[in-house]
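A short reminder: the numbers here are calculations on the coordinates, not readings from a lab. Since the model is a prediction, treat every value here as computed from it, not as a measurement. As a convention, Cβ positions derive from the backbone with ideal geometry for all residues, glycine included, and neighbour counts pool all protein chains shown.
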Amino acid sequence: MDVQRWAVALGDLVARIGRCFPRSESRQHAGEYLAGLLSSVERKNGWQLAEALGQSSPYALQQFLNKGPWDADEVRNETRAYVVEQLGDEDGVLVVDETGFLKKGDKSVGVQRQYSGTAGRVENCQVGVFLTCATAKGSTFLDRALYLPRSWTDNRERCEAAGVPDDVTFATKPELAQAMLDRALDALVPAKWVTSDCVYGEYAPLRADLEQRRVA
């Protein structure tokens, strides 16, 4: 019965975010991809997910993720509303932190030799900044931002080749965090506290913004 309820709840969520995908095949791929991410497959790469979903190759999912006509921020907004409905609590905590994704080569967007908390040292990697909602009911991600060093934002040819939009400019990790917090709090995500490490806590504009909002 729990499995049945889980399947129904997953179907309801897929239908809810489906409005963000204008084409029926995109909505289908979105549901398949989400089911794959939530599956017991150990490695969530294209080939492994395709195999788990009974597909002969990962190309359909890759085409959907890379070139499909959908807006990731719109999906984020819909998912955030869902999270608030399920886990929202006035005593909730918003948590800001970053993590590194080890990479080889220099083509992945934002990659360079930089400190990775995952590795605990300077490595060739990407760095993502994340916002998490934690309450007595559970915890999950609310937002994300990929950090682009100046070696990327100052090289428009490199950005263009990697598909980085022209309007993306350099922003520090604390600036990315503040933008995510502003989006969440402007969307009335309930939170009594915001917590982070010193990289973000020492950023005066972020602290001032939270003080103005009366968030501890």
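What do the square roots of 5 times the Cα gyration tensor eigenvalues come to for region 87-213, in whole Å, largest first, as semi-axes of the equivalent ellipsoid? Please report the intermediate quantities before stating the final value.
Numbers: eigenvalues 162, 51, 35 Å².
Computed over region 87-213, the values are 28, 16, 13 Å.
List the trypsin sites (Lys or Arg not before Pro) in region 77-122 that DSSP assigns to loop (not H, G, I, E or B) and whose Cβ has at most 11 other Cβ atoms within 10 Å. Which are they? Walk me through the numbers on the way to the answer.
Details: sites: ARG80, LYS103, LYS104, LYS107, ARG113, ARG121; in loops: LYS103, LYS104, LYS107.
When the trypsin sites (Lys or Arg not before Pro) of region 77-122 are filtered for loop state and at most 11 Cβ neighbours within 10 Å, LYS104, LYS107 remain.
Per DSSP helix of 4 or more residues, -39500 (n - 2.57); summed, then divided by the residues of the chain. What does that give at 222 nm, rounded to the nearest 500? Display every interim value, and only then the final one.
Details: 10 runs with 101 residues, N = 216.
Theoretical 222 nm ellipticity from helices: -14000 deg cm²/dmol.
Looking at region 145-216, which trypsin sites (Lys or Arg not before Pro) are DSSP coil and have at most 14 other C-beta atoms within 10 Å of their C-beta? Show your work: numbers first, answer last.
Numbers: sites: ARG150, ARG156, ARG158, ARG183, LYS192, ARG207, ARG213, ARG214; in loops: LYS192, ARG214.
Sites meeting the loop and neighbour criteria: LYS192, ARG214.
What is the Rg over Rh value, at two decimals, for region 173-216, using alpha-carbon atoms and the Kirkwood definition of Rh?
So for region 173-216, dividing Rg by the Kirkwood Rh gives 0.92.
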| How about LYS107: which lysines have a C-alpha closer than 29 Å to its C-alpha, ignoring those fewer than 8 places off in the same chain? | LYS44, LYS67, LYS173
| said: Tell me the net charge near ALA60. Cut-off is 11 Å between Cβ atoms, ALA60 excluded, with +1 for each Lys or Arg and -1 for each Asp or Glu. | reply: -2
| query | Could you state the principal axis extents of the C-alpha atoms in the chain, from the largest down, to the nearest angstrom? | reply | 50, 45, 33
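Quick check for me: using +1 on Lys/Arg Cβ and -1 on Asp/Glu Cβ, what's the dipole size of the chain about its Cα centre, in debye to the nearest 20? Intermediate values should be presented prior to the final figure.
Details: 26 positive and 31 negative charges, 93 e Å.
That gives a dipole near 440 debye.
Based on the alpha-carbon gyration tensor of region 2-67 and its eigenvalue square roots a ≥ b ≥ c, which shape applies: rounded if a/c is under 1.5, prolate if not and a/b is larger than b/c, or oblate?
Oblate, because a/c is 1.5 or more while a/b does not exceed b/c.
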| field | In Hz, Karplus ³J(HN,Hα) per residue of region 90-100 (6.51, -1.76, 1.60; θ = phi - 60°; x = Gly, Pro) | value | 4, 9, x, 10, 9, 10, 9, 7, 10, 8, x
| note | If exposed means GluC sites (Glu not before Pro) lying in a DSSP loop and surrounded by at most 13 other beta carbons within 10 Å, then the longest stretch of the chain lacking such sites spans residues 91-201
| note | In nm, the gap between the two label points placed 7 Å beyond Cα toward Cβ at GLU74 and THR169 is 2.7
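Using only the Cα atoms of region 145-209, construct the convex hull and provide its projected area averaged over every direction, in square nanometres to one decimal. Don't jump to the answer; show the numbers that get you there.
Details: hull surface 21.3 nm².
Hull-based average projected area comes out at 5.3 nm².
Give the order of ARG5, ARG16 when sorted by the count of other beta carbons within 10 angstrom, beginning with the fewest.
Details: ARG5 9, ARG16 13.
Ranking ARG5, ARG16 by Cβ neighbours within 10 Å, fewest first, gives ARG5, ARG16.
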| field | Counted charge near ALA145, where neighbours are those whose Cβ lies closer than 15 Å (Asp, Glu -1; Lys, Arg +1) | value | -2
| What is the spread of the Cα atoms of region 2-125 along each of their three principal axes, largest first, in whole Å? | 47, 44, 29
